[in-house]
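Encoded as structure tokens, the structure appears first; notes follow it.
FYI, it's all coordinate maths here, none of it is from the lab. Bear in mind that the values here come from a model prediction, so they are computed numbers and not experimental data. Ideal geometry is used to build each Cβ from the backbone, glycine not excepted, and the neighbour counts take in all protein chains shown.
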Amino acid sequence: MTKWRWRKELLSERRRVPASVRFAEAMSLSSHLTGGRVVFPGQTVCAFVPIASEPGSVQMLDDLNDYGARVLLPIVTGNGPLEWSFYAGRDALRPGPYGLREPIGEVLGTSALRIADLVLVPALAVDRNGVRLGRGAGHYDQSLPLASNGTEIVAVVRDQEIFEELPSEPHDVRMTAVLTPNRGLLRFV
């Protein structure tokens with residue numbers, strides 16, 4: 001099956017998930033992140049503001065801040081790598097391209113990814129080899145190589161969105177782990 005077909009089917013499945021289930025999953029993801037096994041106070045976490053039916057929530061970002069992590073969010077500028085800015089709360093977000101919400105603070109540039117201890121990456125699915133299926137714009141595949149060696153790169157998906165094998169291309173950046181609501185953090189060997 002092609003990437004396009006995978007995206008279409010996965011997005012259709014996500015749209016059918018009730019809001020109450022998405023809310024419970026978001027709270028579970030937040031609990032995994034701040035429970036002392038994934039993120040630690042003082043670390044820098046690159047995250048994202050979920051859109052539509054993506055797993056997670058703005059509350060998860062608030063919880064990370066309250067836990068003592070520094071949270072960076074992406075800013076889309078053109079077709080290149082993502083820029084980054086610190087998350088300063090939900091009132092400090094503005095509309096961005098693709099229906100995203102972006103921070104209004106100082107833009108730190110593409111190299112800010114180098115200070116991340118952990119990068120949470122939105123994904124439609126991931127396979128057991130760390131192949132991530134995104135929405136297809138390529139911003140993360142251009143950005144993730146800028147992270148420092150050893151940085152944990154984690155796809156965030158629903159439990160049902162882990163597959164045996166997904167289509168991949170040479171430019172696809174492999175994830176080092178996946179975070180799901182019920183399983184928590186699973187590292188790829």
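Structure data summary
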item: Among Gly68, Gly36, Gly80, residue whose mean-square fluctuation peaks in a GNM of the chain (springs only between Cα atoms under 10 Å); result: Gly36
item: Charge tally in the Cβ shell below 10 Å around Asp117, where Lys, Arg are +1 and Asp, Glu are -1, Asp117 excluded; result: 0
item: Summed residue charge, Cβ within 9 Å of Arg128's Cβ, Lys/Arg positive, Asp/Glu negative; result: -3
item: Two-decimal Rg/Rh across segment 3-187, once Rg and the Kirkwood Rh are taken from alpha-carbon atoms; result: 0.92
item: Ordering of 11-18, 130-137, 181-188 by packing [mean C-beta count within 10 Å, highest first]; result: 130-137, 181-188, 11-18
item: Sorted by Cβ neighbour density within 10 Å, fewest at the top, the residues Ile75, Ile162, Ile51; result: Ile51, Ile162, Ile75
item: Sequence of Tyr140, Tyr67, Tyr98 once ranked by neighbouring C-beta atoms within 10 Å, starting from the fewest; result: Tyr98, Tyr67, Tyr140
item: Interchain or long-range residues, amide H under 5 Å from Arg70's placed H; result: Gly42, Gln43, Thr44, Val45
item: Which of His171, His32 has the fewest Cβ neighbours within 10 Å, and the rest in rising order; result: His171, His32
item: Distance between segment 72-112 and segment 5-70 - C-alpha centres, whole angstrom; result: 17 Å
item: Cα-derived Rg over Rh, computed across segment 1-113 with Rh taken as Kirkwood radius; result: 0.99
